Every structure is written in C-alpha cells, then in structure tokens.
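Remarks on the structure that follows.
The values are calculated or read from the model by the stated rules, or taken from the named source; none is laboratory data. Source: prediction; values computed, not measured. Note: ideal-geometry Cβ built from the backbone for every residue, glycine included; neighbour counts use all protein chains shown. Surface accessibility is based on the protein's heavy atoms, side chains included, excluding ligands, DNA and RNA. Shrake-Rupley method; radii C 1.70, N 1.55, O 1.52, S 1.80 Å.
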Amino acid sequence: IPVDPFDLVIFGATGDLARRKILPGLFRRYLSGQMPAEAQILGAARSEMDDGAFRTMVREAIAEFDSTEHKPEELDAFLERVGYEAVDAKGTGGWDALRGRLRDDAVRAFYFSVAPSLFGDIAERLRTHGLATEATRIVVEKPFGKDLETAKALNATLAQHFDETQIYRIDHYLGKETVQNLMAVRFGNTLFEPLWNAQYVDHIQITVAETVGVGGRGGYYDTSGAMRDMVQNHLMQLLCLIAMEPPAKFEPDAVRDEKLKVIRALEPVEPYHIVRGQYDRDEEQPGYRAHVENPRSFTESFVAMKLHISNWRWAGTPFYIRTGKMLRARTSEIAVVFKDAPHSIFGAEAGRHRNVLAIRLQPNEGMTLDVTIKEPGPGGMRLLDVPLDMSFADAIGPEGADVPDAYERLIMDVIRGNQTLFMRGDEVEAAWAWTDPIIAGWTGRNDVPKLYDAGSSGPEDALMLMHRDGRRWREIK
Ligand code: BG6
C-alpha cells in the first residue's frame, strides 16, 4: 500500500548511514511500489553540490549497497525524485532555499543523520526559517546521548522546538521483521502467554553476536563500548518486548508504557553478574586496541550479564544477555528456556529435557520450539528433543515475502505517522538511568575487560556466569 506523498529531507545525506542504509532502503521501497509518485527526497549537508552530483552519489551508493534486481529505468525514475540543497547547520546558508523546495500538501519529515551535537542547531533552524509545521516529523539516530544527563539535555533541546508526538527516535532493532514477530507470537497466540512467566520459564537468554570488529568506527566505539553501543538500546529493547505485559492495544503509547515499566523494574546489576571482554590480537588481526588505535584502551567489545526484573511476572527468573564483536558467528537470538517437567515418569535414564522457544532475529529469521519426544526405535523409553522448526522464508515463500529491512520499514512508519516502533524520550532516559551506574562502577574500579579470542564465543568468564547457576548458553552458530 503506497504511503501518502511526502517530502523527506535527510541531513547528513553524504554520510555513511545515508549511503549504506537510508538511500538504498528508500530505493527498495520505491521498487516495491510503496513510494508514491509524488515523493520527494532531498539530501542536505555541508558540501556544495547540485542535484545532478547528488544523484550520482545516490546512484553509486545503491550500486554499492543494494543488490535488489532492477531495470536501469527504474533507478532513473527513482533518482528523479531525489534532489539536494547545501545547508549550514550552524549558520543561515541554504535554509530558505531548502524551504522553497518543500510542498505544503505533502507529509514533511526531517531525518537527522548527523552527530547529536548538531541536533539542537538543526531543530532550531527548522523553526526559525519556517521549515517546520505542526505536522512535521523529525527522525533522530542513536547514539541518543552517552548517559542520562546528555540524553536529558538532548530531549530538552528537541522539546523546545517539537512536540513528543513529532519526534521519532530510531532503534533499528525495532524495525527488524522478527522483532515484530515476537509481539505477534506472544500476543496473537493463546499457546504461549499463559506460560510466559516465572512459574514456567526457567530463564531467558538474549544473544546478539557479531563477527565484525569495530571497523573504521574506532574513534566513536572506543568512547562508547558494547554497553552504550548495543546494550542500552538494542538489547534493552529486545528485553522489553520479551518481558513486557500485554499492552491493551498495539498503539504507540500503550506499547511504550509497557516497555518503560520493564526498564524501571530492572534491578541494579551486581558487579559479579557482569563480564566485560575485549577481543585480543592473533595472527589474522591486530586486536581491538590496534583497531581503535588506543594501546591502553579498557573499553569493552563484549558484555554478558545476568539481570533480574523485579515484578510479579518475572520474580526469580534470570535474564542472561550478551553481545560482542568478532565472535564465532553472526547470530541474534532470543531463547525462552522453560522449566523441567515437574515430575519425570520415565526415570533418570531418560535424561533431562526442556522445551526451548528460540526466536532467531538474524540471519535466517525464524523460530524453533524444542519438544521432547520418544527416540524412535526399539531402545525403550528414551527421550529426545526435536525442534519444531519454522523458518519464516519457508513459511511465507520467497515471492510472498517482501521483507523490508529495518530502516525501510521505520522510515515508512515515519511517513505514516506511526510511533509504535520508536523510542519515547522517557524510555531512553530510563534505559540510561539503569546503564549509568554500571558504567560508573567500571570506571571507578578501573575495570579491565577480559581478553577473548576472535572467532570464539567470548571470554571464559561469560560461560562461567551461567555454569555457576547450572545453566549454559546456547551455541553461537
Ligand atoms: C549499531 C551499532 O547500532 O548496530 C553497531 O552501532 C552494530 O556497532 C550494529 O554493529 C548491529 O546492527 P545489525 O542490524 O547489523 O545487527
């Protein structure tokens, strides 16, 4: 279904995120027929450039970062919707010209794909130069602050110029297909929700493992670390969706109220329930410290921790979460591990068996449910766990599934004016309020992360975090 005609201005349009994700994503939405003929996409950045030069840049970005099959005419037609205006984020240059290109009868959205230090300057100029209307939406990227104080300051700055209903804070994990499927599975089936609590769930594991290192982003990453880069936002959002109470409606504030309650119910984490790691050098690669060009860095590229949510539903059920770079495989998965059957009628030799619902975010999105059955054959009553396997690609069929990537979906949600999959200001602040004391503890103790081998599943201590409790992590594969 096409969205309404829109004008989308991308600040920072020559930057990495715009070239890798936003512009190719918009092209795919165009190919899918979701973008109306009257859509207009305007790049805005500091460099002087005309429409033609920007179109060439977009063409190159699409060639590099998009592999969707298309005809050359389709790309040409898409580029006709694309233009560019040079603006000075801290001055007056370009703003009036940009305003002149916007239409009164189209949805108006501004994407801030720039450093957070420019958010205030741009928001202010959108107002003073008359670009922002009551219906204007702004989209802001992470990092949304680096602690509670900076996040509050950013929220306050944006609030001077825009209402909360106009602010779309992106966490691209919320745009992933399976993340939304998680809500469908929980709240669209009668099967799971009655069991979704401390009485039946032994523990929950969330793993977001990456094979990449810090790449060319060492400067940013070394001041951030896995805690700020991944846990405070992406893992926290996954935790909220898995743990929240059923919202009364699938509507922005109903969902976000429930997520906020989860964050506020998180207990402070004991230091011995946290393992920090940093990938070591080996023959193949020079290690984290060389990648960030900081030989004395104590920043973590891996975190594992055990969390508790103090509420009626989850009292006593631990949540183990981990994320890291340079690990064995790229895999993101949430696993709900149910308790043992209360009494085993098959005796000790039948072994220990558990139901596990694993929701795989990427790659190969899908779900498996381990069910215990009898091992086939004449060997007596021996039990075996087999997965009921549902790969979403198989279930929907390759043609049936036009699965947009996270950014594409979220941008279309902005145009539709649907904030459900965006973070509200109070949510971001609550997440920082929980994260800050943990990071302050590390800094105060001069905590040194444990080294781990590239291609492993993280430091040994992370395995111990679960072994101590008689549990184990699922394999990263
Ligand atoms: C980003 C982080 O937000 O998410 C990166 O800054 C990380 O460090 C990335 O690599 C992971 O996203 P995805 O979609 O590849 O899992």
- Note: among Val275, Val269, just one is open to solvent by 10 Å² or more (accessible area, probe 1.4 Å), touching a residue at least 40 places away in the same chain (Cβ under 8 Å) and assigned to a loop (DSSP other than H, G, I, E, B), namely Val269
- Message: For segment 201-255, give me each residue that is crowded, with 21+ Cβ neighbours inside 10 Å, hydroxyl-bearing (Ser, Thr, Tyr) and either away from the ligand (no atom under 13 Å from the Cβ) or outside any strand (DSSP E or B) (or both).
- Response: Tyr221
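Inside segment 340-365, can you point out the residues that are within 16 Å of the ligand (Cβ to nearest atom) and either assigned to a strand (DSSP E or B) or modelled with pLDDT of 90 or more (or both)? Steps first, answer last, please.
Here is the first cut: in segment 340-365, the ones within 16 Å of the ligand (Cβ to nearest atom) are 359-365.
Result: Ile359, Arg360, Leu361, Gln362.
Please go through segment 411-448 and give me each residue that is among the aliphatic types (A, V, I, L, M) and either open to solvent by 10 Å² or more (accessible area, probe 1.4 Å) or under 25 Å from Ala209 (Cα atoms) (or both), ordered by number.
Leu421, Met423, Val428, Ala430, Ala431, Ala433, Ile438, Ile439, Ala440, Val448
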- Which numbered condition trips up Lys176, out of (1) more than 9 Å from the ligand (Cβ to nearest atom); (2) open to solvent by 20 Å² or more (accessible area, probe 1.4 Å); (3) touching a strand residue (DSSP E or B) at 6+ places or on another chain (Cβ under 6 Å); (4) not hydroxyl-bearing (Ser, Thr, Tyr)? (1)
- Query: Would segment 83-95 turn up any residue that is over 31 Å from the mean Cα position of the chain (by Cα) and buried (at least 21 other Cβ atoms within 10 Å of the Cβ)?
  - Reply: yes
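I'm checking my understanding of the structure. Among residues of segment 10-37 that are touching an Asp or Glu at 6+ places or on another chain (Cβ under 8 Å) and closer than 16 Å to Arg108 by Cα, which one is surrounded by the most Cβ atoms within 10 Å (Cβ to Cβ)?
Applying the first criterion (touching an Asp or Glu at 6+ places or on another chain (Cβ under 8 Å)) to segment 10-37 yields 17, 19, 21, 24-32, 36.
Filter once more, keeping what is closer than 16 Å to Arg108 by Cα: 26, 36.
On the way: Leu26: 26, Pro36: 15.
Among those that are touching an Asp or Glu at 6+ places or on another chain (Cβ under 8 Å) and closer than 16 Å to Arg108 by Cα, it is Leu26.
For Val185, indicate whether it is more than 16 Å from the ligand (Cβ to nearest atom) and either β-branched (Val, Ile, Thr) or in a helix (DSSP H, G or I) (or both).
Values: more than 16 Å from the ligand (Cβ to nearest atom): yes; either β-branched (Val, Ile, Thr) or in a helix (DSSP H, G or I) (or both): yes.
Judged against the criteria, Val185 is a match.
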- Note on the structure: Scanning segment 51-71 for residues that are assigned to a helix (DSSP H, G or I) and open to solvent by 60 Å² or more (accessible area, probe 1.4 Å) gives Arg55, Thr56, Arg59, Glu60, Ala63, Glu64
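Return the residues of segment 1-50 that are hydrophobic (A, V, I, L, M, F, W, C) and in a strand (DSSP E or B); say none if nothing qualifies.
Across segment 1-50, the qualifying residues are Phe6, Leu8, Val9, Ile10, Phe11, Ile41, Leu42, Ala44, Ala45.
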- Task: Six or more apart or on different chains, Cβ under 8 Å: which pairs go from a residue in segment 423-438 that's polar (S, T, N, Q) to one that's open to solvent by 20 Å² or more (accessible area, probe 1.4 Å)? Could you list them?
- Result: Thr435/Asp147; Thr435/Arg228
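Quickly run through segment 310-326 and pick out the residues that are aliphatic (A, V, I, L, M), more than 17 Å from Arg472 (Cα to Cα) and within 16 Å of the ligand (Cβ to nearest atom). Talk me through it step by step, then tell me what you get.
Of the residues in segment 310-326, the ones aliphatic (A, V, I, L, M) are 315, 321, 326.
Still in the list and also more than 17 Å from Arg472 (Cα to Cα): 315, 326.
Listed by number, the list holds a single entry, Met326.
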- Query: Any idea which of (1) more than 24 Å from Gln419 (Cβ to Cβ); (2) open to solvent by 40 Å² or more (accessible area, probe 1.4 Å); (3) modelled with pLDDT of 95 or more is the one Leu191 doesn't satisfy?
  - Reply: (3)
- Query: Which residue pairs have Cβ atoms under 7 Å apart, sit 6 or more places apart or on different chains, and have a first residue in segment 114-126 that is touching a residue at least 60 places away in the same chain (Cβ under 8 Å) and within 14 Å of Ala151 (Cα to Cα) and a second that is open to solvent by less than 30 Å² (accessible area, probe 1.4 Å) and of a type in the set (D, E, K, R)?
  - Reply: none
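Collect the residues in segment 86-112 that are part of a loop (DSSP other than H, G, I, E, B) and under 22 Å from Asp4 (Cβ atoms), keeping them in residue-number order. Reasoning before the result, please.
In the first step, residues of segment 86-112 are kept if they are part of a loop (DSSP other than H, G, I, E, B); the result is 87-94, 101-106.
Result: Arg101, Leu102, Arg103, Asp104, Asp105, Ala106.
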- Among the residues of segment 132-151, is there at least one that is open to solvent by 10 Å² or more (accessible area, probe 1.4 Å), more than 30 Å from Gly93 (Cβ to Cβ), in a loop (DSSP other than H, G, I, E, B) and touching an Asp or Glu at 6+ places or on another chain (Cβ under 8 Å)? yes
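Are any residues in segment 1-31 of a type in the set (Gly, Ala, Ser) and touching a Ser or Thr at 6+ places or on another chain (Cβ under 9 Å), and if so, which ones?
Taking segment 1-31 and keeping what is of a type in the set (Gly, Ala, Ser), we get 12-13, 15, 18, 25.
Matches in segment 1-31: Gly12, Ala13, Gly15, Ala18.
Determine whether segment 449-460 contains at least one residue that is in contact with a Gly (Cβ under 6 Å, 6 or more places away or on another chain), on the phi < 0 side of the Ramachandran plot and open to solvent by 30 Å² or more (accessible area, probe 1.4 Å). Before the answer, list the steps.
The first filter runs over segment 449-460 and keeps only residues in contact with a Gly (Cβ under 6 Å, 6 or more places away or on another chain), leaving 449-450, 452, 458-459.
Applying the additional criterion that residues be on the phi < 0 side of the Ramachandran plot yields 449-450, 452, 459.
Now narrow it down to the ones that are open to solvent by 30 Å² or more (accessible area, probe 1.4 Å): 450.
Within segment 449-460 (the criterion being in contact with a Gly (Cβ under 6 Å, 6 or more places away or on another chain), on the phi < 0 side of the Ramachandran plot and open to solvent by 30 Å² or more (accessible area, probe 1.4 Å)), the answer is yes, since at least one residue qualifies.
Just to be sure before I move on: is Ala77 in a helix (DSSP H, G or I), at pLDDT 95 or above, out of contact with any Asp or Glu (no Cβ under 9 Å at 6 or more places or on another chain) and closer than 19 Å to Ala39 by Cα in the structure I sent? Steps first, answer last, please.
Details: in a helix (DSSP H, G or I): yes; at pLDDT 95 or above: yes; out of contact with any Asp or Glu (no Cβ under 9 Å at 6 or more places or on another chain): yes; closer than 19 Å to Ala39 by Cα: yes.
Against the criterion (in a helix (DSSP H, G or I), at pLDDT 95 or above, out of contact with any Asp or Glu (no Cβ under 9 Å at 6 or more places or on another chain) and closer than 19 Å to Ala39 by Cα), Ala77 qualifies.
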